[in-house]
Amino acid sequence: MIPVDAQTMFEVAPRFSGEFAAKQAAIVNAVGPVLRPILEENDINSRLRIAHFLGQTCVEAAGFRTTEEFASGDEYEGRTDLGNTQPGDGRRYKGRGLLQLTGRGNYRAVGKVLGVPLEENPTLAAEPVLSLRIACQYWKSHQINPACDADDLQKVTRSVNGGLNGLDDRRLFTAKAKAVIARLEGIQLSGAQSVGAAQPGAAVPVLHRGSQGDAVVDLQQRLRKAGFAALAVDGDFGPATEVAVTRFQSDHNLDVDGIVGDKTWAALKTF
């Protein structure tokens, strides 16, 4: 299992200051220590599954700075499709969690699965660790992992949001999560050696935007041989190298994520 934790979440999320930074830190520091085991319990256990989960929850939780929606919840009043049948249910069962749990019916159903009295005490859903468990339960019940495995951002987003609201932000934070996870995978593969610094007999390094060193030089030289003759060989995986990698991946029917892992290396080594 990829060793994701609070630092991973901080690297994916936007930076805030003042009160927002304090709120973000409180949530991330509470969730971080249990992030890895809870994701693993719910089969969110691959690079793509974890990256999509972190990207989506980052957007839904406003950069991991809230576990309760900012709106009052009045718009849900009388929504019988959400199980809001009693006066005040709109506000009482407003969206809470890393993925917004909304409506009396949903609080009741998820509470039963998790063994938590969410219908009786709806504010419990905003507690950070429980909000992670709720998000994972939603992910599982809506069978989102197959869309992650296909790296289908739009399908994942529709499953989470019901539409494509905030798609650009979801794409941005999912891409950031992929890059962070690629670095973590690289550390695992190379025995805690930094990404981009291969050692004799080690697995190939996982490279992504921001990587530097001899492995990036090798990558750039191979990309030039593959047809990207204008690419500079400078050992710095910057925007131009990322564009070349994504185009190469697209041309060779690989996952177009801008991350150079085993499959991309295998295709490049034919040049």
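The values are calculated or read from the model by the stated rules, or taken from the named source; none is laboratory data. Every value quoted in this text rests on a predicted model; they were computed, and no experiment measured them. When we count neighbours, we look across all protein chains shown, and the Cβ atoms used for this are built from the backbone with ideal geometry, even at glycine.
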Fill in: Members of region 250-271 that are crowded, with 16+ Cβ neighbours inside 10 Å, more than 20 Å from Arg49 (Cα to Cα) and out of contact with any Lys or Arg (no Cβ under 8 Å at 6 or more places or on another chain)
Trp265, Ala267
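Matching residues to (1) assigned to a loop (DSSP other than H, G, I, E, B); (2) modelled with pLDDT of 90 or more; (3) acidic (Asp, Glu):
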| residue | (1), (2), (3) |
| --- | --- |
| Lys155 | no, yes, no |
| Val160 | no, yes, no |
| Arg170 | no, yes, no |
| Phe173 | no, yes, no |
| Arg183 | no, no, no |
| Gly186 | no, no, no |
| Phe271 | yes, no, no |
Item to complete: Can you confirm whether region 233-241 contains a residue that is loosely packed, with under 14 Cβ neighbours inside 10 Å, at pLDDT below 95 and in a helix (DSSP H, G or I)?
Response: yes
Discussion item. Based on this model, can you work out whether Leu219 counts as more than 22 Å from Ala150 (Cα to Cα) and either assigned to a helix (DSSP H, G or I) or hydrophobic (A, V, I, L, M, F, W, C) (or both)?
Written reply: yes
Item to complete: Please name all residue pairs, on different chains or six or more residues apart, with Cβ atoms under 7 Å, provided the first residue is in region 69-87 and is surrounded by 12 or more Cβ atoms within 10 Å (Cβ to Cβ) and modelled with pLDDT of 95 or more and the second residue is β-branched (Val, Ile, Thr) and outside any helix (DSSP H, G or I).
Response: Tyr76/Thr102; Leu82/Thr102
Practice prompt. Having 2 or more residues that are within 16 Å of Tyr138 (Cβ to Cβ) and in the same structural domain as Trp139 (by TED's automatic domain parsing) is the bar; report the helices (runs of 4 or more DSSP H) wholly within region 1-116 that clear it.
Written response: 18-41, 47-60
Worksheet entry | Residue within region 256-268 that is of a type in the set (D, E, K, R) and either at pLDDT 90 or above or in contact with a Gly (Cβ under 6 Å, 6 or more places away or on another chain) (or both) present | yes
Worksheet item: Hey, any hits in region 47-66 for a residue that's modelled with pLDDT of 95 or more and surrounded by fewer than 17 Cβ atoms within 10 Å (Cβ to Cβ)?
Response: no
Discussion item. Given (1) surrounded by 17 or more Cβ atoms within 10 Å (Cβ to Cβ); (2) modelled with pLDDT of 95 or more, identify the lone condition not met by Asn121.
Written reply: (1)
Worksheet item: Among Ala192, Ala229, which is the only one that is over 27 Å from Leu153 (Cα atoms), of a type outside the set (Ser, Thr, Tyr), modelled with pLDDT under 80 and part of a loop (DSSP other than H, G, I, E, B)?
Response: Ala192
Response to the item:
Within region 242-255, residues in contact (Cβ under 8 Å) with a residue 24 or more places away in the chain and part of a loop (DSSP other than H, G, I, E, B) come out as Asp255
